[in-house]
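Enquirer: Below you will find the structure I want to go over with you.
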Amino acid sequence: MRRPLVAGNWKMNGSLQQVSALLAALDSLALPDTVDVAVFPSMPHLILAADKLKAIAVGAQDCSVQAGFAAMTGETSATQLKDAGCSLVLVGHSERRELQGETDDVVASKFVAAQSAGLVPVLCVGETLQQREQGKAIETVTEQVEAVIRTAGVDALANSVLAYEPVWAIGTGLTASPEQAQQVHEALRNAVACHSDAVAQGLRIVYGGSVKAASAAELFAQQDIDGGLVGGASLDPDEFGAIIVAAGK
Ligand code: 13P
């Protein structure tokens, strides 16, 4: 059995004061002990989050392609994130692929850098609306995963999490239906299984894209959906708490 993971991606949200209040609220939630929970605050709030949260893991939203120290102004390395108390890092979020032009090769390099510093990468994949309408959803996300397998090898996936986030469902209120999401999750697991069945069966594949408490239970009931990567709803501790509870059922 794969242990569910519910993670909150806070994106570029929150003042220090707001984040402090959110952390206090999260720290007082009664969490089911059958679910792993993580949050991904902005860089300036990582140390605070790691300090305040006892039962919730902390991750960063991005890392440099270089794992160690380097002359790379504005970048943050996985080594520094680990040192700041992070245990996870998102790589390849569609907002970075889109806004920062991150290619599959860059994402694969970040995946490798994260693992070499002892972080668990959460590899985000997803198709645009246009790609879905062209019938290319599964082809697109499979290639995004294959690019990492080519660089890092399939065994590296054993120590990672996959997040399927259809671009058209992010921040739009349009959640993929449980059937649509399950279809892609199953295809991703099958694609990994072509390289290693053991890695595929153990791999957690979480869904992201307008997950709310109201839609969480049905999504998480799907065979290949092992939790969620939650954006907007994770900024509300009650809503996020209800999503975590749904994953524990
Ligand atoms: P929303 O839940 O706000 O759609 O964001 C999803 C997401 O991008 C999580 O990484």
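Enquirer: Go through the range 199-230 and give me each residue that's touching a residue at least 24 places away in the same chain (Cβ under 8 Å) and among the small types (G, A, S).
Expert: Answer for the range 199-230, where residues must be touching a residue at least 24 places away in the same chain (Cβ under 8 Å) and among the small types (G, A, S): G202, G208, G209, S210, A213, S215, A216, A217, A221, G227, G228.
Yes/no per residue for (1) in contact with a helix residue (DSSP H, G or I) (Cβ under 7 Å, 6 or more places away or on another chain); (2) open to solvent by 10 Å² or more (accessible area, probe 1.4 Å):
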{"position": "I170", "(1), (2)": "yes, yes"}
{"position": "G173", "(1), (2)": "no, yes"}
{"position": "S196", "(1), (2)": "yes, yes"}
{"position": "Q201", "(1), (2)": "no, yes"}
{"position": "V211", "(1), (2)": "yes, no"}
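Enquirer: Contact list please: Cβ distance under 8 Å, first residue in the range 153-174 and on the phi > 0 side of the Ramachandran plot, second residue open to solvent by 30 Å² or more (accessible area, probe 1.4 Å) and within 13 Å of the ligand (Cβ to nearest atom), pairs at least six apart or on different chains.
Expert: Close Cβ pairs (under 8 Å, with a partner that is open to solvent by 30 Å² or more (accessible area, probe 1.4 Å) and within 13 Å of the ligand (Cβ to nearest atom)) amount to G171/G232.
Enquirer: Got at least one residue in the range 54-65 being closer than 25 Å to I170 by Cβ, in contact with a Phe, Trp or Tyr (Cβ under 9 Å, 6 or more places away or on another chain), open to solvent by 30 Å² or more (accessible area, probe 1.4 Å) and at pLDDT 95 or above?
Expert: yes
Enquirer: Here's a follow-up. Counting residues that are in contact (Cβ under 8 Å) with a residue 12 or more places away in the chain and within 14 Å of the ligand (Cβ to nearest atom), which helices (runs of 4 or more DSSP H) fully inside the range 32-144 reach at least 3?
Expert: Passing ranges, in order: 94-99.
Enquirer: A follow-up question, please. May I ask you to say which residue of A198, A246 is farther than 19 Å from R132 by Cα and within 16 Å of the ligand (Cβ to nearest atom)?
Expert: A246
Enquirer: Tell me which residues, restricted to the range 1-22, are more than 10 Å from the ligand (Cβ to nearest atom), buried (at least 18 other Cβ atoms within 10 Å of the Cβ) and among the aliphatic types (A, V, I, L, M).
Expert: L5, V6, V19, L22
The values are calculated or read from the model by the stated rules, or taken from the named source; none is laboratory data. Please read these numbers as outputs of a predicted model, since none were measured by experiment. A quick note on method: Cβ atoms are made from the backbone with ideal geometry, for glycine too, and the neighbour counts reach across all protein chains shown. For the accessible areas, the whole protein counts, side chains as well, though only heavy atoms, and no ligand, DNA or RNA atoms are used. Shrake-Rupley method; radii C 1.70, N 1.55, O 1.52, S 1.80 Å.
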